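Here is the structure we will look at, set down as structure tokens.
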Amino acid sequence: MNAPLRVTPGEARGLEILDMILAGRQVRIAAEVPTQLRAEVVAVGAERMLLTCMRMLVTEGGRNQQTVIREGRRVRGRIWDPGVLDSLKLEFTQATHDLWMGLCRDLETFSRGGLEVGGGALRSAARVIRKVVRTRETASGDWVVYALLLLHLPRTPISDELQREFRRRICAGSPLARLLALADPEARSLGRTEERLAGLLAPANSPMLTCLGDRLVDTWTGVVTDLWKTSDGGNFRVGCAMADRMLQGYLRALRSHGRLDLATPLMRLLATIVSEIMPGTPDHERGRTLALHPPASMAERDETLRAARRLLDFTPTLADLRQQLGQQRYGDPGYEQAQVFLRDAEIFLDPYFTRAEALRVGLGGALR
């Protein structure tokens, strides 16, 4: 039986910061945190990372019965069932270690209390962030860790100004985080969405999307709900544009990679938008949009209504895909993914499509 590992106060502090990254644990700012941990402590941290990431995949959908496409055929089961997601394997690189050690070293600098006021200090801290958050040569395990930090970032002591730079770097280094961010304006400069998501749709990595369907829907719903509630018309318009870009880009990526069986979260989001976020008639929702995001001019009024419409602009694409996939016959190359798509479309698309289109057209029409 192995003796329990005894850690120094500094090492315990380092593990607390790891828990901040992985689980949103609130930590106090301390000036002295070691950036060189003993191999035994690093091993404990590595095991904690793997277990936390795998637990996320299991609890956010992997423990449910899933229908997946494996070697061109549909297979149904849970994440641990043989032959279902055997290719799922998380790979961690130096990027995750650098993130952990960098936050141990510089969290005080990034904090609200440790950051001096002034553009020079912000620029200096942003340069340090570029060393802490790698954006190149990251792998699947890193993507999950980055995504967890993105979700927990608001609960960290990192200053609001620097959280924006963290979000941008995290989304650049993790296509999973980019997908979860949805409407984040800091991701505007990251290039074409479908190109950013290509690695996530590779055969070795796409099982993560199968497992994280519930997480995508919950996070996207929260983002759209927050957008709808904001009183800042500028943020609303930018956020809606980013969400539209992300959703449309994700659909294009799924289509180009032959993985439309993974489009269910998009249909579930559409159902939630029209049944819970915009439950009224088109006229009612037009009025509510302008009441929640008061425009300062006629031009802003039109832009605000167009922005609200953009939250539904992926609807016609889903409908077109449904029609095209409905023409697939047994033995066709896309038959198996078509069957998964069509099964879920009957539940999450067909009952809501007419109303979604009425809202989409109504929000873009003239006020009466």
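None of the figures in this text is laboratory data; all of them are computed from the coordinates on show. In this text, all values refer to a predicted model and were calculated from it rather than measured experimentally. Positions of Cβ are backbone-derived with ideal geometry, glycine not excepted, and every protein chain shown enters the neighbour counts.
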Helix 298-310: angle to the longest alpha-carbon principal axis of the chain, degrees 0 to 90, nearest 10? 80 degrees
Positive-end residue, the chain charge dipole about Cα centroid, Cβ charges, pick of Gly249, Ser206, Leu180: Gly249
Over the chain: helical MRE at 222 nm, DSSP H runs n ≥ 4 each giving -39500 (n - 2.57), nearest 500: -19000 deg cm²/dmol
Among His293, His152, what is the fewest-to-most ranking by other Cβ atoms within 10 Å? His152, His293
Going out from 0 in 10 Å bins, what whole percent of all Cα-Cα distances in the chain drops into each bin? 5, 22, 29, 24, 14, 5, 1, 0
Based on the Cα coordinates of segment 136-195, what is the per residue volume of their convex hull in Å³? 83 Å³
May I ask you to evaluate 6.51 cos²θ - 1.76 cosθ + 1.60, the Karplus curve with θ = phi - 60°, for each residue of segment 141-156 and list the ³J(HN,Hα) values in order in whole Hz, giving x for glycine and proline? x, 4, 4, 5, 4, 4, 5, 4, 5, 4, 5, 9, 4, x, 8, 7
Would you kindly derive the ³J(HN,Hα) couplings of segment 336-343 from the backbone phi angles with the Karplus curve 6.51 cos²θ - 1.76 cosθ + 1.60 (θ = phi - 60°), listing them in order in whole Hz, with x for Gly and Pro? 5, 5, 5, 5, 5, 4, 5, 4
Have a look at Arg38, Arg55, Arg134 and tell me which one the Gaussian network model of the chain (Cα, springs below 10 Å) gives the largest fluctuation. Arg38
Calculate, axis by axis, the spread of Cα positions in segment 324-368 along the three principal axes, and write the results as whole Å, longest axis first. 51, 17, 11
Distance histogram for segment 212-368 (every C-alpha pair counted, 5 angstrom bins, percent rounded to whole numbers): 1, 9, 19, 22, 18, 13, 8, 5, 3, 1, 0, 0
Going from the alpha-carbon gyration tensor of segment 215-279, what semi-axes, largest first and in whole Å, does one get by taking the root of 5 times each eigenvalue? 23, 14, 8
Roughly how tilted is helix 94-110, in degrees to the nearest 10 and between 0 and 90, from the longest Cα axis of the chain? 80 degrees
Karplus-derived HN-Hα couplings along segment 282-295 (A = 6.51, B = -1.76, C = 1.60, θ = phi - 60°), whole Hz, x at Gly and Pro: x, 4, 4, 6, 4, x, 5, 4, 6, 6, 6, 10, x, x
Quick check: pseudo-label points 7 Å beyond the Cα along Cα→Cβ at Asp160 and His284, how many nm apart are they? 3.4 nm
Could you give the nm distance between label points at Thr225 and Arg55, where each point is 7 Å from its Cα heading toward the beta carbon? 2.4 nm
Can you give the Rg and Dmax of segment 273-329 based on its C-alpha atoms, in angstrom? 15.3, 53
Quick one: Cα centre-to-centre distance for segment 153-174 and segment 265-314, in angstrom? 28 Å
